[in-house]
Amino acid sequence: MKYVSTRGGAPEASFLDILLGGLAPDGGLYVPASYPQVGRAELERWRELPYADLATAVLARFIDDIPAAEIGRLCRATYTARVYGHGRPDSDAAQIAPLRWLEPQLALLELSNGPTLAFKDMAMQLLGALFEYALARSGERLNVLGATSGDTGSAAEYAMRGRPGINVFMLSPHGRMSAFQRAQMYSLADANIFNIAVEGVFDDCQDLVKSVSNDLEFKRRLRIGTVNSINWARVAAQVVYYFRGYFAATKNSDERVSFAVPSGNFGNVLAGWIAKQMGLPVERLVLATNENDVLDEFFRSGRYRVRSAAETRATSSPSMDISKASNFERYVFDIVGRDAAVVRRLWSQLDAQGVFDLSSTAHWESVRRSGFVSGSSTHADRLATIRRLHERSGLVIDPHTADGVKVAREHAMPGVPMICLETALPAKFAETIVEAIGREPPRPAGYGDIESRPQRFTVLPADVAQLKAYLGAHAG
C-alpha cells in the first residue's frame, strides 16, 4: 500500500512514512494510491467480528509496513470496554460502538463512550498507540501540533498524555468552546500537554497549523507532526465504525444502508466515502451542517466558498463552527478523477479568491453520482430535535448529533435504514440541553466537577511567528 499526495508533487510513501507527519511536502494531503476492495464474501466473514478484530482487518488493508500481528495487538489493547465504557448508564459497555434504534429505520451509532465523551476517541486512542509504536522503533521524539473546535483537542490530549517521546501543542479558539470542552483540555496537568488559546476562530487555528506544516525546515527541525484529521491514520481508523454500523443494522451483505454525519471539517464523513469506495453497500452519505453551511452549499450548488473569520458564526453546535474543511480536498481529488493538476488549480483559485465552482464542469455530475446529499440545521432545529427525541424515547442527544438527526429525517428513503453517527455525549453541552428539555443531562462518573478544576493554558494571537516562537521555546 502506497500513499500519494492530492497535489501530485510528493513521492509515493508508506504508511509509517506518513504516520507522524501531516501535510505532504507539496501542501497536499496523503491518500492511498488506490482504495483496497472488500467483496461480499469478506464482508460476511467480518460481520461477526468483535470491534478490535474488525479494526485489525480493516486497518491491515491500509498498512503493510507494520506486521499484521502487531496491528492486532495495538487494536486489542485500544478497543476495550475499559477504554470505551464511559457512556450512558444504559449503554452496553461490553460493546464498542453499539447501535441504538431511535425509530423504525432510524438508528444512532454510539461513538461517544470513550474517555473524552466524543467520537474523536474512536480514532485518537489508536493514533496514540500507533505513534508510541513508531517512535519506539525509531528512537525519536515528536511534537504534535493540532487545532480543535472542541473535541479533537481533548481526544488527542487524553490519547497522548504521559506517552514517552510525545509533546502535544493544541490550538483552540479562545472563548468559543463550551465550558465542559475547555475544562477537559485545560485542566490536564501532564507535563507533555500544552494548550494554546488563539484569539480567533477555529479556521485561524487550522491555518496556523498548516502554515507551520508548510515550513518544511521548521517542521523537520522541531519534529512536528499532527493529529488533526489531515493525518491519514485518523481517517483510516474512522472507516472501521462504518463497517461496524452496517453490520449491526443489516442481516446480510446484500442490504444497503445510509449514514447521516454531522460535519464541519469533512473528516468523519470522508471515512464513510472511503468505506463506500472499498465496497461497503452504502446508499447515501447524508452530510449535516449547522448555520456554517459551506459544505451544504457545495453539495446543493457545486459552489465551494470558504467564509472569513467574521462570517463564521458561533453556534450551539460549536465543534462544527468551521468554514474551511481540511479533508474536503481528499474527496475532490477522487471526484476529479484523481487529477492532481485539477486539484492544484482549484486550491490555487480558492487561496486567491476564496471560492471555486464545479457546477458548470464535467466534475459536477461525478459529485451528483457520488451518493452525497446534505442539509443544514439551526439552533431552533437543534432544540426541537433534542426535545422531540427526549419526549418520545427518554434519550438525550447532544446538539451536533441533533443536527445529524434533523437532516437524516429529511433524506430518509423507504426500506433503507438510516444510521446517524453520534458526535458527543450531551453532558458536554449542558446549556443547550437545559434550554431544550429543562434539565441538565446526566454526567458519566468522574466528570461532575470538571469545570471547577484548575486550568492551564496560554493565550496567543493568530500570528504564526508568535506560535513558532512558543513552539521553539517549549518543544522537547
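The set of residues in region 194-237 that are surrounded by 24 or more Cβ atoms within 10 Å (Cβ to Cβ), at pLDDT 90 or above and charged (D, E, K, R) contains only Arg234. Going by the conditions given, is Leu467 assigned to a strand (DSSP E or B), over 27 Å from Val269 (Cα atoms), in contact with a strand residue (DSSP E or B) (Cβ under 8 Å, 6 or more places away or on another chain) and at pLDDT 95 or above? Here the answer is no, as Leu467 does not meet what is asked.
The set of residues in region 272-287 that are among the hydrophobic types (A, V, I, L, M, F, W, C) and either more than 19 Å from Ala237 (Cα to Cα) or at pLDDT below 95 (or both) comprises Val286, Leu287. Considering only residues of region 454-476 that are polar (S, T, N, Q) and in contact with a Phe, Trp or Tyr (Cβ under 9 Å, 6 or more places away or on another chain), which is surrounded by the most Cβ atoms within 10 Å (Cβ to Cβ)? Checked region 454-476; the qualifying residue surrounded by the most Cβ atoms within 10 Å (Cβ to Cβ) is Gln455.
If the condition is being touching a residue at least 24 places away in the same chain (Cβ under 8 Å), out of contact with any helix residue (DSSP H, G or I) (no Cβ under 9 Å at 6 or more places or on another chain) and within 30 Å of Asn252 (Cβ to Cβ), then region 4-49 contributes Gly39, Arg40, Glu44.
Applying the set (1) among the acidic types (Asp, Glu); (2) closer than 18 Å to Val367 by Cβ; (3) surrounded by 23 or more Cβ atoms within 10 Å (Cβ to Cβ) to Glu297 leaves exactly one unmet item: (3).
Candidates in region 179-193 are the residues that are crowded, with 22+ Cβ neighbours inside 10 Å and among the polar types (S, T, N, Q); of these, the one that is modelled with the highest pLDDT is Gln184. Need pairs with beta-carbon distance below 9 Å; first residue on the phi > 0 side of the Ramachandran plot and within region 302-320, second outside any loop (DSSP other than H, G, I, E, B) and among the hydrophobic types (A, V, I, L, M, F, W, C); sequence gap 6+ or separate chains. Note: pairs meeting the criteria are Gly302/Trp364; Gly302/Val367.
Applying a threshold of 8 Å to beta carbon distances and a minimum spacing of six or more residues, or different chains, the list of pairs starting in region 387-409 at a residue that is farther than 12 Å from Leu102 by Cβ and ending at one that is among the acidic types (Asp, Glu) and outside any helix (DSSP H, G or I) reads Asp398/Glu422. The residue list Trp347, Trp364 contains one member that is among the hydrophobic types (A, V, I, L, M, F, W, C), touching a Leu at 6+ places or on another chain (Cβ under 6 Å) and part of a helix (DSSP H, G or I), which is Trp364. Kindly indicate whether any position in region 156-170 is out of contact with any His (no Cβ under 6 Å at 6 or more places or on another chain), farther than 23 Å from Tyr30 by Cα, without any contact (Cβ under 8 Å) to a residue 24 or more places away in the chain and of a type in the set (Gly, Ala, Ser). There is no residue in region 156-170 that is out of contact with any His (no Cβ under 6 Å at 6 or more places or on another chain), farther than 23 Å from Tyr30 by Cα, without any contact (Cβ under 8 Å) to a residue 24 or more places away in the chain and of a type in the set (Gly, Ala, Ser).
Does Ala427 satisfy being crowded, with 17+ Cβ neighbours inside 10 Å and under 22 Å from Ile96 (Cα atoms)?
Numbers: crowded, with 17+ Cβ neighbours inside 10 Å: yes; under 22 Å from Ile96 (Cα atoms): yes.
Yes.
Here Gly9, Gly27 are screened, and the one residue that is modelled with pLDDT under 95 and either closer than 22 Å to Val342 by Cβ or not hydroxyl-bearing (Ser, Thr, Tyr) (or both) is Gly27. For Arg382, state whether it is among the basic types (Lys, Arg) and surrounded by 24 or more Cβ atoms within 10 Å (Cβ to Cβ). Answer is yes for this residue. Which members of region 398-418 meet the condition of being surrounded by fewer than 24 Cβ atoms within 10 Å (Cβ to Cβ) and among the β-branched types (Val, Ile, Thr)? Result: Val416, single match. The sole residue among Ser370, Ser374, Ser360 that is in contact (Cβ under 8 Å) with a residue 40 or more places away in the chain and over 26 Å from the mean Cα position of the chain (by Cα) is Ser360. Between Arg392, Arg387, the distinction of being buried (at least 16 other Cβ atoms within 10 Å of the Cβ) and under 22 Å from Glu110 (Cα atoms) belongs to Arg387 only.
Just checking, does region 440-451 include any residue being basic (Lys, Arg) and in a helix (DSSP H, G or I)? No, that holds for no residue. Could you please let me know if Asp357 is modelled with pLDDT under 95 and surrounded by 15 or more Cβ atoms within 10 Å (Cβ to Cβ)? For Asp357, the condition - modelled with pLDDT under 95 and surrounded by 15 or more Cβ atoms within 10 Å (Cβ to Cβ) - is not met.
The values are calculated or read from the model by the stated rules, or taken from the named source; none is laboratory data. Computed from a predicted model, the values in this text were never measured in an experiment. With ideal geometry, Cβ positions are generated from the backbone for all residues, glycine too; neighbour counts draw on all protein chains shown.
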